[in-house]
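Where a number appears in this text, it was derived from the coordinates with a stated rule and is not lab data. Just so it is clear, the structure is predicted and the values come from calculations on it, not from any experiment. So basically every Cβ, Gly included, is an ideal-geometry build from the backbone, and we count neighbours across all protein chains shown.
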């Protein structure tokens with residue numbers, strides 16, 4: 001069972017979870033995803049919610065449903081590359097927002113990444 | 001579809017439901033929530049034909065509800081007394097003889113899923129296992145409507161989790177609809193499609209759980225508190 005953030009729809013959280021697993025390489029191109037019911041039992045949510053997750057992921061061309069066979073991570077490497085880029089942009093955006101809130105400007109952000117990046 | 005039209009239910013002088021109207025679509029898991037005495041159990045009993053409305057009418061699939069509705073509706077009561085003299089296997093045989101839609105193979109699967117044993121005598125089961133069993137036989141009916149009255153109350157977290165997982169695994173939402181009354185909202189929330197919020201015998205609002213998160217950025221408990229505070233959304 002998964003603990004969900006209370007203020008965001010569950011289907012979005014699960015989409016992000018699967019996208020994260022794909023970007024990290026825990027789910028590979030062309031790999032089969034669990035069946036709707038298996039996944040629902042596994043994470044502890046309604047079957048209708050998982051159906052929506054798979055539908056929306058398919059709409060975004062991240063997964064493909066093959067009739068009678070199940071749902072698979074796309075094997076389109078271009079799409080996977082843009083997915084990886086999108087995730088990167090999202091994380092950087094989040095980082096920049098936090099830094100801005102604290103009052104750091106862009107130069108400071110770039111410098112701190114360079115310096116700390118070398119250290120770590 | 002379930003339709004409740006202008007239904008009131010009085011017990012002597014107390015009004016348990018007060019001019020309620022609501023329509024519920026099939027293929028969903030719907031939570032009936034609200035504080036104690038808000039009318040949740042009365043609503044379920046009216047839907048199952050165990051009670052009759054003082055006024056208004058209750059329709060299931062366009063048919064007026066009578067006691068005969070039990071042929072297409074599986075009802076899990078919150079009563080604790082439950083066939084103490086049977087073994088689990090005898091209870092299954094009994095259910096088989098009573099309900100045409102009872103699916104024995106499914107029952108055996110759920111019994112196994114719940115880690116129960118057929119030869120166990122019901123009176124010697126722990127409270128948790130007795131409730132696992134009640135859920136097991138209720139979900140073993142391929143009834144179009146399943147009504148669960150407080151399936152989690154007084155049970156430990158492991159049993160609650162087993163019941164939740166059993167519901168996800170064994171309910172077929174392409175042919176079945178589930179109504180649950182509960183106070184354990186946080187735990188049930190991930191499996192609910194919709195909630196119906198009651199107060200003082202009235203339906204305050206019916207809404208999709210994902211819409212509530214999306215529109216208000218709130219989980220159901222916080223949303224419910226807000227609605228109760230304002231008396232509206």
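Given the rule -39500 (n - 2.57) for each run of at least 4 DSSP H residues, summed and divided by the residues of chain B, what is its mean residue ellipticity at 222 nm, to the nearest 500 deg cm²/dmol? Computed ellipticity for chain B at 222 nm equals -10000 deg cm²/dmol.
What the Cβ-Cβ distance of residue A:72 and residue B:19 gives, at R0 = 51 Å and to the nearest 0.05, is a FRET efficiency of 0.50.
Taking Cα atoms only, the orientation of helix B:127-139 departs from the longest principal axis of chain B by about 80 degrees. Each 10 Å bin from 0 upward holds the following percent of the Cα-Cα pairs of segment B:29-124: 13, 34, 32, 19, 2. Model label sites at residue B:121 and residue B:228, defined 7 Å from Cα along the beta-carbon direction, differ in position by 4.4 nm.
Between residue A:112 and residue A:84, the modelled labels are 2.7 nm apart [label points 7 Å from Cα along Cα→Cβ].
Per the Debye calculation on segment A:78-119 with a single equal scatterer at every Cα and no solvent contribution, log₁₀ I(q)/I(0) for q = 0.18, 0.22, 0.26, 0.35 Å⁻¹ amounts to -0.61, -0.77, -0.88, -1.06. Of all beta bridges that DSSP places with both ends in chain B, some 55 percent have antiparallel geometry.
With r defined as the distance between the Cβ atoms of residue A:26 and residue A:93 and R0 fixed at 30 Å, what FRET efficiency is calculated, to the nearest 0.05? It would help to have the intermediate numbers written out before the result.
Working: r = 23 Å, r/R0 = 0.77.
Calculated value: 0.85.
Helix B:88-98: angle to the longest alpha-carbon principal axis of chain B, degrees 0 to 90, nearest 10? Helix B:88-98 and the main axis of chain B meet at about 60 degrees. Spin-label model, residue B:169 to residue B:10: label points 7 Å out along the Cα-to-beta-carbon direction sit 4.8 nm apart.
Rounded to the nearest angstrom and listed largest first, the equivalent-ellipsoid semi-axes of chain B from its Cα gyration tensor are 29, 21, 16.
Taken residue by residue and averaged, Cβ atoms of other chains lying within 10 Å of the Cβ of A:38-49 number 6. The shape of segment A:21-60 can be summarised by an equivalent ellipsoid whose semi-axes, obtained from the alpha carbon gyration tensor, come to 18, 13, 8 Å from longest to shortest. Taking only the C-alpha atoms of the protein assembly as shown, Rg followed by Dmax gives 24.1, 79 Å.
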